[in-house]
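Notes follow once the structure below has been shown.
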Amino acid sequence: MTKTETLLRALLGPIRDDVRPLAAVIDYVAALLFKEGVPMDDVRVTKTVYPAVAEQLGKPVTAVSRSVERLCARCWSDGDPELLRIILGRKVSAPYSPRETVICLAYYVHHGESMHEVLRKSLSI
């Protein structure tokens with residue numbers, strides 16, 4: 001199990017759903033942001049990320065997108081609220097979109113702290 005899958009299992013608890021598509025999308029977005037240096041606004045989840053992950057997993061793009069959207073919604077509805085607050089770096093009153101959720105999870109997986117904390121630190125340098 002990858003580090004990303006472990007985080008998702010900790011966040012979602014014991015679920016029957018396959019978390020690999022979401023984990024692969026998070027890892028792909030992290031690679032785009034932190035290895036390739038793609039700006040956050042230029043990350044195209046539906047046009048670039050889902051097709052690449054679908055090919056990697058040997059699944060249809062629609063299956064990957066549905067799985068990611070369903071699991072992101074489940075993070076907000078059934079996820080561990082304390083862990084979600086730690087991952088996000090603050091209390092949030094409304095759920096993020098799947099794209100925003102994936103980006104926040106990518107920051108947490110890559111840096112080990114919330115996106116908001118990473119950005120806050122980069123501004124104070």
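The Rg/Rh ratio of the chain, with both radii computed over alpha carbons and Rh defined as the Kirkwood radius, is 0.94.
In this calculation the C-beta distance from Thr2 to Ser93 is compared with R0 = 35 Å, giving a FRET efficiency of 0.70. Using a probe radius of 1.4 angstrom, the carbon and sulfur fraction of the accessible surface of the chain is 53%. Report ³J(HN,Hα) in whole Hz for each residue of the range 54-59, in order, from the Karplus equation J = 6.51 cos²θ - 1.76 cosθ + 1.60 where θ = phi - 60°; Gly and Pro get x. Those phi angles translate into 4, 5, 4, 8, x, 10 Hz. Per residue, the Cα convex hull of the range 12-67 amounts to 89 Å³. Shown in residue order for the range 70-87 are the 3J(HN,Hα) couplings computed by the Karplus curve 6.51 cos²θ - 1.76 cosθ + 1.60 at θ = phi - 60°: 5, 5, 5, 4, 5, 4, 6, 7, 10, x, 4, x, 5, 5, 4, 5, 5, 5 Hz (x for Gly and Pro). Using the Cβ-Cβ distance between Ile86 and Asp17 with R0 = 22 Å, the FRET efficiency computed as 1/(1 + (r/R0)^6) comes to roughly 0.50. Exposure check, 1.4 Å probe, all protein chains in place: Asp80 carries approximately 70 Å² of accessible surface. Calculated mean residue ellipticity at 222 nm for the chain: -19000 deg cm²/dmol, from DSSP H runs with n ≥ 4 weighted as -39500 (n - 2.57), summed, divided by the residue count and rounded to 500. For the range 32-105, the convex hull spanned by the alpha carbon atoms encloses 107 Å³ per residue.
Along the range 23-34 the Karplus relation, 6.51 cos²θ - 1.76 cosθ + 1.60 evaluated at θ = phi - 60°, assigns HN-Hα couplings of 4, 5, 5, 4, 5, 5, 5, 4, 5, 4, 6, 9 Hz to successive residues, with x for each Gly and Pro. A 1.4 Å probe run over the protein chains yields, for the chain, 57 Å² of accessible area per residue, whole-number rounding. Give the relative contact order (percent, whole number) for the chain; include only Cα pairs under 8 Å separated by 6+ residues. Across the chain, relative contact order equals 29 percent. Label positions at Ala31 and Ala73, each projected 7 Å from the Cα along the C-beta direction, are separated by 2.8 nm.
The values are calculated or read from the model by the stated rules, or taken from the named source; none is laboratory data. Just so it is clear, the structure is predicted and the values come from calculations on it, not from any experiment. Here the Cβ is made from the backbone with ideal geometry for all residues, glycine too, and neighbour counts use every protein chain on show. In case anyone asks, the SASA skips ligands and DNA or RNA and just uses the protein heavy atoms, side chains included. Shrake-Rupley method; radii C 1.70, N 1.55, O 1.52, S 1.80 Å.
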